[in-house]
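Enquirer: This is the structure I have questions about; it appears just below.
Nothing in this text is a laboratory measurement; each read-out follows from the coordinates by a stated rule. All values derive from a computational prediction rather than experimental measurement. Every residue, glycine among them, receives a Cβ derived from its backbone with ideal geometry; neighbour counts consider all protein chains shown.
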Amino acid sequence: MDARLLCLDARFVFPLLLGEEKGSELIRLYYDIGIAIMRKQRNEGWGNKTIDRLSFDLHTAFPEMKGFSPRNLLYMKQFAEAYVDHTISQQLVAKLPWGHNVILIDKLDSNEQRLWYAQKTIEHGWSRAVLIHQIKSGLHKRQGKAITNFKQTLPRSQSDLAQQALKDPYIFDFLTLSDDAVERDLEKGLIVHIRNFLLELGVGFAFIGSQYHIEVEGEDFYIDLLFYHVRLRCYVVIDLKMEQFKPEFAGKMNFYLSAMDEQLRQDGDNPSIGIILCKTRKKLIAEYALRNTSTPIGVSEYKLTRTIPTTLRNNLPSIEELEKELGK
């Protein structure tokens, strides 16, 4: 079998051999190989062992090039099968590195989902590790799903973007809390794992501080978490609640946002936005609570996927006990 008879387009092969590799050209080459394999298997009854032989022939024909392992050739075939009838899809995924495309093929079954994550990867510059994390967390199911009053309280140009900036639920699987933890424990955990927290919040959030102090008529108030969103150009106030959403939470957040806009908002800043993160929430109660509120507020749940029961936590050794046991 001559690998050069596999219909490899010299326009793509020769630049690669000369060290002028471009991402889109490599993806197009892999796509062409995948199409050729697919046709050969359909028309000539190629079996799986032929892939091994083809891998050897390609390495022999193009020794300067990498990426022709049997495993990678199978990915090329799957890649071609996924996008064979979708010209727009081909153009989109061609903008991604091959490793990202392998993840999309490997982790997702739906082209609609693949294209959604491809678009987000291009938009936000996700690494492969971040892409895998976002797929595992089911980001496409959560993005833009928070209950908000943004359409009523923000200009449309900002409300749509703000809606997409919020999720429901938020996944804090990097935290380990006991079942008797309080809001302050949750806040401390998020601060300790601020990098993971920012990743879960999404692109654009810049951390300002925790327990952010504001003073109103001589009285002190403290905001759990304060951020600035660089794309929305506004402050984002987060109030943490380790319980089910209650209507009075919206009133408290309305107060915080009014104070923030009065004391901190500068020329060029858009109205501040509030996010109430609750352990659980009932949709209709949250909608009623926000309906006639004048400031932009979103309500979302959060999920802690790893929780240590209090009884077990009390029986675990402390850091000091562990160090003593290890002779430190």
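Enquirer: What is the diffusion coefficient of segment 188-228 in µm²/s, taking the Kirkwood radius over Cα pairs and the Stokes-Einstein relation at 4 °C with a viscosity of 1.567 mPa s?
Expert: The estimated diffusion coefficient comes to 115 µm²/s.
Enquirer: Now for a different question. Compute the Rg/Rh shape ratio of segment 143-275: radius of gyration over Kirkwood radius, all on alpha-carbon atoms.
Expert: Taking Rg over the Kirkwood Rh, I get 0.94.
Enquirer: Would you work out which of Gly204, Pro169, Ser294 lies farthest towards the positive end of the dipole of segment 163-319? Charges go on Cβ: Lys and Arg +1, Asp and Glu -1.
Expert: Pro169
Enquirer: If I model a spin label at Ala129 and Glu112 as a point 7 Å from the Cα along the Cα→Cβ vector, what separation in nanometres do I get?
Expert: Roughly 3.3 nm, to one decimal.
Enquirer: Using 1/(1 + (r/R0)^6) with R0 = 51 angstrom and r between the beta carbons of Asp52 and Gln152, what's the FRET efficiency to the nearest 0.05?
Expert: Computed FRET efficiency for Asp52 and Gln152: 0.25.
Enquirer: Please tell me which of these pairs span more than 26 angstrom C-alpha to C-alpha: Lys188/Lys279; Lys141/Lys282; Lys188/Lys283; Lys107/Lys188; Lys252/Lys303; Lys252/Lys283?
Expert: In this structure, Lys188/Lys283; Lys107/Lys188 lie more than 26 Å apart at Cα.
Enquirer: Once segment 36-95 is represented by equal point scatterers at the alpha-carbon sites, with solvent omitted, what log10 I(q)/I(0) does the Debye formula produce at q = 0.13, 0.22, 0.23 Å⁻¹?
Expert: Result of the Debye calculation: -0.39, -0.94, -0.98.
Enquirer: Write down the Å³ per residue value for the convex hull defined by the alpha carbon atoms of segment 61-163.
Expert: 132
Enquirer: Evaluate the distance, in nm, between pseudo-label points positioned 7 Å from the Cα of Glu248 and of Asp269 along their respective Cα→Cβ axes.
Expert: Label at Glu248, label at Asp269, 2.8 nm between them.
Enquirer: Distances over 16 Å make up what percent of all Cα-Cα pairs in segment 71-120?
Expert: Pairs farther apart than 16 Å: 26 percent.
Enquirer: Right, another one. Quote to one decimal, in nm, the extra length available between Arg184 and Arg28 on full extension: 0.36 nm per residue of separation minus the C-alpha distance between them.
Expert: Difference between extended and current length: 51.0 nm.
Enquirer: Taking 30 Å as R0, compute the FRET efficiency from the Cβ-Cβ separation of Asn72 and His140 and round it to 0.05.
Expert: 0.65
Enquirer: Tell me, what ³J(HN,Hα) does each residue in segment 243-255 have, in order and in whole Hz, if you take phi through Karplus 6.51 cos²θ - 1.76 cosθ + 1.60 with θ = phi - 60° and put x for Gly and Pro?
Expert: 7, 5, 4, 10, x, 5, 4, 5, x, 5, 5, 4, 5
Enquirer: Going by amide H atoms built from the backbone, whose H comes under 5 Å of the H on Lys167, apart from near neighbours?
Expert: The answer is Gly144, Ala146.
Enquirer: Give me the Kirkwood hydrodynamic radius of segment 128-194 in Å, from all C-alpha pairs, to one decimal place?
Expert: Here the Kirkwood hydrodynamic radius works out to 14.1 Å.
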